[in-house]
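The values are calculated or read from the model by the stated rules, or taken from the named source; none is laboratory data. Computed from a prediction, not measured in an experiment: that's the story for all the values here. Don't worry about glycine lacking a Cβ; one is built from the backbone with ideal geometry, like all the others, and counts go over all protein chains shown. With ligands, DNA and RNA removed, areas are computed over all heavy atoms of the protein, side chains included. Shrake-Rupley method; radii C 1.70, N 1.55, O 1.52, S 1.80 Å.
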Amino acid sequence: MSDDHEVKGLMFFEGSEKKLEIIVTASAPNLRELDVSFWSALVNCAHAEILSQLSNADCDAYLLSESSLFVWHDRFVMLTCGNSTLVDAACYFIGALGVPAMALVSYQRKNEYQAHLQTTSFSEDIGKLRQRIAGKAFRVGHLDSHHHYFFCSDSDYRAPKDDQTSELLMYHIRGEFADYLNGGSQSKDEICTALELNDLLPEFEIDAHLFDPSGFSMNGLWGKYYVTLHITPQSENACASSYVSFETNLDLAQYPQDLLARLLTLFAPVSWDTIRFNTDDSTQGFPAHLCLGRCSLTTEQGYDIGFSHYQQLQAEVLIPELM
């Protein structure tokens with residue numbers, strides 16, 4: 001890269017995550033009995049490190065330097081942001097336990113704002129995966145707008161209908177809370193209070209981390225259920241773009257709080273995506289918006305996947321920025 005590109009690369013942080021979920025067969029070892037050194041080595045393959053751990057009777061949750069890792073006895077979910085190489089963690093795990101132990105390998109990646117700064121592309125990632133395990137890949141969303149790539153291994157695994165996940169991805173956050181996050185004097189406790197976590201997630205035990213100079217990550221556990229929230233607030237220059245992600249395996253239709261609606265109200269994003277696995281599409285409580293596109297599909301393993309891209313109803317006032 002030129003010197004100018006190098007400077008911009010140092011100033012920019014890619015908030016959007018890559019996501020890996022692997023479910024193992026009944027004959028595989030209990031994943032929670034694997035030593036923490038195994039998970040540390042797996043995380044290092046993605047160019048990340050473990051910052052802290054939260055555990056209960058059902059799950060181990062690790063906060064990472066680049067997002068989160070959740071481990072149950074028969075599966076794990078790992079999210080990494082920035083210039084991470086999550087596909088290498090997938091290859092490490094498959095190599096360590098062997099292909100026969102893989103009931104399902106699922107890999108997900110969003111398009112990046114500055115893809116040229118990434119170590120690999122999605123095509124290169126699935127090329128690595130297909131050297132180890134067969135599977136199908138597809139894209140949802142417009143190629144010239146927000147879109148997501150999915151890889152799912154070929155297998156006889158069938159997902160139960162209560163295997164649910166909801167993802168909320170918010171772009172260009174605005175308002176009082178966004179201004180505070182970019183103000184340079186945040187504290188972890190103040191952010192947790194502003195998020196109203198005690199009210200939104202009263203049953204959950206929370207593990208949070210505030211990054212220097214900016215950025216916030218949170219994991220929460222309640223029995224087998226998890227929540228995770230990651231904030232990349234930077235928006236003060238042409239090399240930055242604010243981004244917030246939230247994910248949970250709660251049945252949101254039964255949960256007493258309108259989690260997605262309340263997060264949208266707090267962060268006031270210009271646009272956002274929802275990605276749903278085996279959950280209904282509901283916009284109850286959302287701010288006034290337009291749905292710019294939606295897609296649904298069912299995988300051979302029985303996951304009903306829904307994708308929707310929304311934009312705030314009012315027009316956004318743009319400010320020219322010096323490049």
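With the charge dipole of region 73-222 set up from +1 on Lys and Arg Cβ and -1 on Asp and Glu Cβ about the Cα centre, the Cα lying farthest toward the positive end among the listed residues 211, 191, 117 is that of 117.
Largest accessible area first, the listed residues 174, 139 line up as 139, 174 when surface is computed with a 1.4 Å probe on the assembled protein chains.
Using the rule -39500 (n - 2.57) for each DSSP H run of four or more residues, divided by the residues of the chain, the 222 nm mean residue ellipticity is -5500 deg cm²/dmol.
Let's see if you can work this out: charge +1 on each Lys and Arg Cβ, -1 on each Asp and Glu Cβ, no other charges. What is the dipole magnitude of the chain about its Cα centre, in debye to the nearest 20? In total the dipole reaches around 860 debye. Inter-part distance, region 253-323 to region 165-219, computed on C-alpha centroids, equals 18 Å. The protection proxy used here, the mean number of other Cβ atoms lying within 10 Å of each residue, ranks peptides 274-283, 31-40 as follows, highest first: 274-283, 31-40. Placing dummy labels 7 Å off each Cα toward the beta-carbon, the span from residue 224 to residue 142 is 4.0 nm. Note that region 287-302 has calculated 3J(HN,Hα) couplings of x, 3, 7, 10, 8, 7, x, 8, 8, 9, 7, 10, 7, 5, 8, x Hz, one per residue in order, obtained from phi through the Karplus relation 6.51 cos²θ - 1.76 cosθ + 1.60 (θ = phi - 60°); glycine and proline are x. Working note: Karplus 6.51/-1.76/1.60 with θ = phi - 60° gives region 25-33 the couplings 6, 5, 7, 6, x, 5, 5, 6, 8 Hz, where Gly and Pro are set to x.
Here the extension length gained between residue 284 and residue 40 equals 83.8 nm, from 0.36 nm per residue of separation less the Cα-Cα distance. Accessible area of residue 196 (1.4 Å probe, protein heavy atoms only, ligands and nucleic acids ignored): about 90 Å².
Rounded to the nearest 20 debye, the dipole magnitude of region 179-277 is 240 debye, with +1 charges on Lys and Arg beta carbons, -1 on Asp and Glu beta carbons, and the Cα centre as origin. Applied to region 244-254, the Karplus parametrisation 6.51 cos²θ - 1.76 cosθ + 1.60 on θ = phi - 60° returns per-residue 3J(HN,Hα) values of 9, 10, 9, 8, 7, 9, 5, 7, 5, 5, 9 Hz, with x for Gly and Pro.
Legend: distances between Cα atoms for 128/224; 128/161; 18/128; pairs beyond 26 Å are 128/224; 128/161. A 1.4 Å probe run over the chain, with the rest of the protein chains in place, finds 45 Å² accessible per residue. How large, in percent, is the carbon and sulfur part of the accessible surface of the chain at a probe radius of 1.4 Å? The value for the chain is 51 percent carbon and sulfur by accessible area.
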